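Have a look at the structure below, then the notes.
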Amino acid sequence: MRYTEKNPPFRMSQFSLFYAGQPHPTKYDCMKNEVIASHFEMLADLLEIQGANPFRIRAYRNGARTISSTSESLDDMVSSEKDLTELTGIGKDLARQIHEIVTTGKHVALEALRKEIPGGVLDMLRIQGVGPKKVSVFFNELGLRSLADLKAACEAGQLAKLKGFGRKTEESILQNIDLAAKQSERVSIAEARAAAEAIVDDLKQQAEVEQVSVAGSCRRRRETCGDLDILATCSDPGPPMDRLAAHPLVETVLQRGDTKQRVRLKTGIELDLRVVPEASFGAALLYFTGSKEHNIVVRQRAKDLNLKVNEYGVFRGEEQIAGRTEEDVYAAVGLPWIPPELREHRREFEWADAGTLPKLVTVVDIQGDLHMHTTASDGAATIEEMALAAKARGLKYIAITDHSKRVSMANGLDAERLRQHWKDIQNVRARMSGIDILCGIECDILEDATMDLADDVLAEADWVIAVLHYGLKQPGKQIMKRLMAAVKNPHVDIIGHCTGRMIGRREGADVNFTDLLKAAADNSVMMEINAHPSRLDLDDIHAAAAKDQGIPIVISTDSHSVNGFEVLEYGVDQARRAGLTSEDVANTKSLKEFRELLK
Ligand SMILES: [Zn+2]
Ligand SMILES: [Zn+2]
């Protein structure tokens, strides 16, 4: 897979999850190849920052690429004693390291390097347009060790004095560094969930532990999380705390009290484990899940009923009348249980009072995936491999949507190659059963508001995704001219990753959603929720606004390899946060019903 700016690696590397090699299967087993790949990506970044031998660096990068595009789980390969060196680009040394990660959860080479390079240096990689080569210069030649150091150096004009750097680099860094700093204390929901759920699953193995749950913003499925909260009930808080302290994801115990332990994970984020009495578990779960704004309303409702709600329970005077489960607590204040994704004090209370809380869409509702790439542009797998992988996941239909020619970095297709590609897709479709394949295209909306492919070409497609990839910083007026032109194009079916944002790395384009969504509704154009955890574009607010306009939403993985389908759940989380039901999500429908929605 070629990683480009619009197709960034699933870079868990900067937070490196060391949960590989858990002794029991976790939900994230399927992500392991990506996790192992991220270890090697991070190793390569660190080596490049150190100025190591380019061949060594390339070996790790090639290895990472192979691993993330290998459909067979490395975990399975190791346990069935298959020869890892048969994979392209995996030599003896990498094979040994993979074995180590899978069997011990440790990665000695990476851990050693991390000790040599300060975490603040790695944070610099979060700045848009800054890669390991530049960071190497900042660290080795200027001795900069943190984002704050780098900012000061830019402001003092120190970078411009270096060979190969200019005023422009400084300006661009200054423009993006605050965003990087803001995000450096947060991790994506993908990383947060992976870590929190691995730890929850591990605590469940402890015999004394009765109930255990993730709480906090991770349970509400926010796009990013600052720290993690886990609640448990247990007759004796000692054993779960000991178990957490010994978990391979945990770097150090920061604080330990009678019922609460705070640890720092190797990813840098902190996690609180609270052991609560069984009679308070529901009340505590509600309290620590938040949001604050949601809880304020719950407490006010209790007050109105002469009750008191806190993290220990619901009380009438001194008497506890509820608290064991969340359902109890909500019921005591006259509310139905509210899904955590909706607890932001937006419309959940209005819905609850009216008895119209939406039945939120789930991953199993999804029947089709309508955005993915193949080797024809920048994907790692063939049409057939993608179709087989989709079928294996239970999908009934897919659309192959490679890039159009403007994205030359990703080997985008011109009319001639695209028509040939569609023929190839039809051939695969003809010989496959159990899955249908649409001939699609991810067509760029060019900077001048024309489409990258002519209308007669787009007219032949089953499915046209129109997207902004370039010129995202244009003034809002021009951005809107482009999006409006796309929406009004009779062949465009959907706007993909609408703002083009990269969470924590790049702000999105200046989109006027009021105008855009109205035009989309008027022209029967759908809107995508791109499920990649660094995009999640539309966000929850705009997805809800699209629903209000009656616009069908499509949740798409934008897969670039057979493992890309894994991210679907993050897109579904985002849709749930927007209050969407399966009715609102077009790719929960059968292909026949879906086609009826097309213009
Ligand atoms: Zn794209
Ligand atoms: Zn794409």
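Observations, loosely collected:
- Residue ranges of helices (runs of 4 or more DSSP H) in region 154-247 with at least 1 members under 19 Å from Pro340 (Cβ atoms): 189-204, 216-219
The rows are residues; the columns are (1) of a type in the set (A, V, I, L, M); (2) buried (at least 18 other Cβ atoms within 10 Å of the Cβ); (3) in a helix (DSSP H, G or I).
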site	(1), (2), (3)
Thr66	no, yes, yes
Ser71	no, no, no
Met77	yes, yes, yes
Thr88	no, no, no
Asp93	no, no, yes
Ile98	yes, yes, yes
Val102	yes, yes, yes
Lys106	no, no, no
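- Given (1) hydrophobic (A, V, I, L, M, F, W, C); (2) within 29 Å of the chain's Cα centre (by Cα); (3) within 16 Å of ligand 1 (Cβ to nearest atom), index of the condition Leu453 fails: (2)
- For region 530-562, filtering for residues that are on the phi > 0 side of the Ramachandran plot and within 14 Å of ligand 1 (Cβ to nearest atom) leaves 2.
- Of the residues making up region 306-345, those that are in contact with a helix residue (DSSP H, G or I) (Cβ under 8 Å, 6 or more places away or on another chain) and part of a loop (DSSP other than H, G, I, E, B) number 16.
- Residue list for region 396-427, restricted to those being in a loop (DSSP other than H, G, I, E, B) and free of Cβ contacts under 8 Å to residues at least 60 places away in the same chain: Asp402, Lys405, Gly412, Asp414
- Residue satisfying all of: in region 483-518; closer than 14 Å to Lys599 by Cα and more than 16 Å from ligand 1 (Cβ to nearest atom); surrounded by the most Cβ atoms within 10 Å (Cβ to Cβ) among these: Val487
- Any chance Ala415 is within 16 Å of ligand 1 (Cβ to nearest atom), at pLDDT 95 or above and small (Gly, Ala, Ser): no
- The one condition in (1) part of a loop (DSSP other than H, G, I, E, B); (2) touching a Leu at 6+ places or on another chain (Cβ under 9 Å) that His532 fails to fulfil: (2)
Residues are listed down the side, and each one gets a yes or a no for (1) away from ligand 2 (no atom under 16 Å from the Cβ); (2) aliphatic (A, V, I, L, M):
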| residue | (1), (2) |
| --- | --- |
| Cys439 | no, no |
| Glu442 | no, no |
| Ile445 | no, yes |
| Ala454 | yes, yes |
| Val464 | no, yes |
| Gly471 | yes, no |
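- Looking only at region 352-395, and only at residues there that are part of a helix (DSSP H, G or I), under 30 Å from Glu327 (Cα atoms) and not small (Gly, Ala, Ser), the one that is nearest to ligand 1 (Cβ to nearest atom): Val363
- Gly323 being touching a residue at least 24 places away in the same chain (Cβ under 8 Å), within 29 Å of Gln574 (Cβ to Cβ), more than 28 Å from the chain's Cα centre (by Cα) and crowded, with 20+ Cβ neighbours inside 10 Å: no
- Residue satisfying condition, being more than 24 Å from Ile101 (Cα to Cα), in contact (Cβ under 8 Å) with a residue 60 or more places away in the chain and among the polar types (S, T, N, Q), within set Thr233, Thr224: Thr224
- Test result for Leu370, touching a Phe, Trp or Tyr at 6+ places or on another chain (Cβ under 7 Å) and either within 16 Å of ligand 2 (Cβ to nearest atom) or of a type outside the set (A, V, I, L, M) (or both): yes
- Residue in region 261-271 that is among the basic types (Lys, Arg) and assigned to a loop (DSSP other than H, G, I, E, B) present: yes
- Residue that is surrounded by the fewest Cβ atoms within 10 Å (Cβ to Cβ) [pool: residues in region 428-445 that are part of a helix (DSSP H, G or I) and aliphatic (A, V, I, L, M)]: Ala430
- Phe349 being outside any loop (DSSP other than H, G, I, E, B) and touching a His at 6+ places or on another chain (Cβ under 9 Å): yes
The values are calculated or read from the model by the stated rules, or taken from the named source; none is laboratory data. What you see is a predicted model, and the numbers here were worked out from it, not measured in a lab. Ideal geometry is used to build each Cβ from the backbone, glycine not excepted, and the neighbour counts take in all protein chains shown.
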